[in-house]
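One structure is given here, and the rest of the page talks about it.
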Amino acid sequence: MQTSVISVKEYPLSSYQKDIWFEQCMYPEKPIYNIGGYVEVKGNLNTAIIRQSMQLLIRQNDSLSARFIDKKGEPYLTFLPEADYEVPFHDFSVKENPNSFCINWMKKEFLKPFQPEDFYFQFVLLKGAPNTYFILLKVHHLVIDGWGFALLISQLFDNYNKLAQGIGEMNRTVYSYADFISDNQNYLNSPAFLKDRAFWQNKYLTIPEPLLSRGMDIDDGDGDSVWSDRRTLTINKALYNQMIEFCKEEGCSSFHYFLGILFLYFSKICNRNEMVIGVPVFNRSKAKYKQTMGHFANVLPLRISPEKDISFKELIKSIKRELMQCYRHQKMSFGEIYRAVYENSNEKGKLFDISLSFEEQETREALIGAASRIVSMPHHHERNALNLLIWGQEGEADVAVNFDYQIQAFERFISIENVISHFEYLFTQVMEQSETLISQSKSCQRKKGVR
């Protein structure tokens, strides 16, 4: 890998990037912020054009050419005007079980941490069985988020299709992440920042203990050790659509529904009447930011603490109200929220150890001459005791609920299989008994319809 060495402008990191930067510095040899996955392609793929499409993608988005500089503990970034990245192509078609070989190869690559001198992305093309290809798209969270990864896939497909049709001119407006950095700096020096700070301090005058990780320290181990694993629950799309209709009738969303299930289950087994769940938000307030690749996402600590025994219907409505209130103060980065909350505390802890992410993939234009599917990949170094990633797609495809869990936490708490069994039961049960008070609901039976 070679990069151009010329004088370039330096920018401070956005608040949201800083949160990631400083935590990554604590674990420099761990892939705690590797995100992405791979695209499996079946059909007639032009390998030269797909590699050209990836190189064009890099030139179209300055966040992918970002380099990071540490100046006496303070991070800065620059955008290289030219990023010389040759997309590797590995032909594993002669291997026994070539598709499995490709997938295992990508899994190993995905667990490798990025090095400071490298680009903060890794794009690789692999050939498996006849007419089967894999595109590894591994990116550091410093330069992309979930929304940005969806943009990356969309732009990659669009680049390929236009190049394959001989369209040389790409009529796409190019936006710079530097604009967002400027907006973020203005916010940090505004009255809005102080107002948001006061809101979060008032929200956490008392701080609940984490549910699953109290007194637990992660064993850093050697470079190959893992902290977490993934189990996936697949929800039948017909049953999922039934849940969507239920939520519409109640004026809520599927996100509120999943948050309600998490609260209902963990409040019971932990014997707690309140909990905090980490909730990622897109944080893209301007239209141009919705078309800009980069890291914009924030995480809000959502406090769920019903004042009385209520039904599930009432619970998800109260969650909706609480979320709406928090959304009005979502610009304040989680790192700033944490510092504000613990400002006058002698003890520092975790505001939450469970998080819920919800990503619904829109139907995209297919690659010309080929069918494709996108697979997300875990980095096996989850910092929370449990992170749920709801991965849905438009159309008739079933919905995946990925449980990324800390092995140590669930070895001493409850088996992850037990958690998933309760979760799948509750997914249907709360619709059928939505008027039942939380104190009277049951969460231990197994229910058919979810697999």
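For segment 429-448, which positions are at pLDDT 70 or above, over 20 Å from Q242 (Cα atoms) and not β-branched (V, I, T)? It would help to see each step written out before you state the result.
In the first step, residues of segment 429-448 are kept if they are at pLDDT 70 or above; the result is 429-442.
From the residues that got through so far, the ones that are over 20 Å from Q242 (Cα atoms) too are 437-442.
Passing the criteria: L437, S439, Q440, S441, K442.
Here is a list of conditions, (1) in a loop (DSSP other than H, G, I, E, B); (2) hydrophobic (A, V, I, L, M, F, W, C); (3) touching a residue at least 60 places away in the same chain (Cβ under 8 Å); (4) surrounded by fewer than 21 Cβ atoms within 10 Å (Cβ to Cβ), and F119 meets all of them except one; can you say which number that is?
Every condition holds for F119 apart from (4).
Here are the criteria: (1) out of contact with any His (no Cβ under 7 Å at 6 or more places or on another chain); (2) over 12 Å from L125 (Cα atoms); (3) among the hydroxyl-bearing types (S, T, Y). Tell me which single one T47 does not satisfy.
The failed condition is (2).
Give the residues of segment 75-98 that are hydrophobic (A, V, I, L, M, F, W, C) and surrounded by 14 or more Cβ atoms within 10 Å (Cβ to Cβ), sorted by residue number. Walk me through how you get there before you give the answer.
As a first pass, look at segment 75-98 and keep what is hydrophobic (A, V, I, L, M, F, W, C): 77, 79-80, 83, 87, 89, 92, 94.
Those that are hydrophobic (A, V, I, L, M, F, W, C) and surrounded by 14 or more Cβ atoms within 10 Å (Cβ to Cβ): L77, F79, L80, A83, V87, F89, F92.
Suppose we keep only residues that are free of Cβ contacts under 8 Å to residues at least 40 places away in the same chain and touching a helix residue (DSSP H, G or I) at 6+ places or on another chain (Cβ under 7 Å) within segment 228-284. Which one would you say is surrounded by the most Cβ atoms within 10 Å (Cβ to Cβ)? Before you say what the answer is, go through the steps one by one.
Within segment 228-284, the subset free of Cβ contacts under 8 Å to residues at least 40 places away in the same chain is 238, 241, 244-245, 248-249, 271, 273.
Next, from what is left, pick out any that are touching a helix residue (DSSP H, G or I) at 6+ places or on another chain (Cβ under 7 Å): 244, 273.
Values: I244: 14, N273: 16.
It comes out as N273.
Just for segment 334-349: of the residues that are of a type in the set (F, W, Y) and under 24 Å from the mean Cα position of the chain (by Cα), which one is surrounded by the most Cβ atoms within 10 Å (Cβ to Cβ)?
Residues of segment 334-349 of a type in the set (F, W, Y): 334, 338, 342.
With under 24 Å from the mean Cα position of the chain (by Cα) added as a condition, the list becomes 334, 338.
Values: F334: 20, Y338: 18.
Filtering segment 334-349 for residues that are of a type in the set (F, W, Y) and under 24 Å from the mean Cα position of the chain (by Cα), the one surrounded by the most Cβ atoms within 10 Å (Cβ to Cβ) comes out as F334.
Restricting attention to segment 86-108, does a residue exist that is in contact with a helix residue (DSSP H, G or I) (Cβ under 7 Å, 6 or more places away or on another chain), part of a helix (DSSP H, G or I) and not basic (K, R)?
Initially, segment 86-108 is screened for residues in contact with a helix residue (DSSP H, G or I) (Cβ under 7 Å, 6 or more places away or on another chain), giving 87, 89, 92, 95.
Add one more test, that the residue is part of a helix (DSSP H, G or I), and what stays is none.
Looking for residues that are in contact with a helix residue (DSSP H, G or I) (Cβ under 7 Å, 6 or more places away or on another chain), part of a helix (DSSP H, G or I) and not basic (K, R), one finds none in segment 86-108, hence no.
Output the residues belonging to segment 153-197 that are among the small types (G, A, S) and either in a helix (DSSP H, G or I) or more than 22 Å from L77 (Cβ to Cβ) (or both).
S154, A164, G166, G168, A178, S182, S190, A192
What strands (runs of 3 or more DSSP E) completely inside segment 1-79 contain at least 3 residues that are more than 22 Å from E109 (Cα to Cα)? Walk me through how you get there before you give the answer.
Details: elements: 34-43, 66-71, 74-79.
Here the list reads 66-71, 74-79.
Is at least one residue of segment 302-322 buried (at least 22 other Cβ atoms within 10 Å of the Cβ), over 29 Å from E249 (Cβ atoms), out of contact with any Cys (no Cβ under 6 Å at 6 or more places or on another chain) and of a type outside the set (K, R)?
Looking through segment 302-322, none of the residues is buried (at least 22 other Cβ atoms within 10 Å of the Cβ), over 29 Å from E249 (Cβ atoms), out of contact with any Cys (no Cβ under 6 Å at 6 or more places or on another chain) and of a type outside the set (K, R).
The values are calculated or read from the model by the stated rules, or taken from the named source; none is laboratory data. Remember, predicted model here, so these are calculated numbers, not experimental data. A quick note on method: Cβ atoms are made from the backbone with ideal geometry, for glycine too, and the neighbour counts reach across all protein chains shown.
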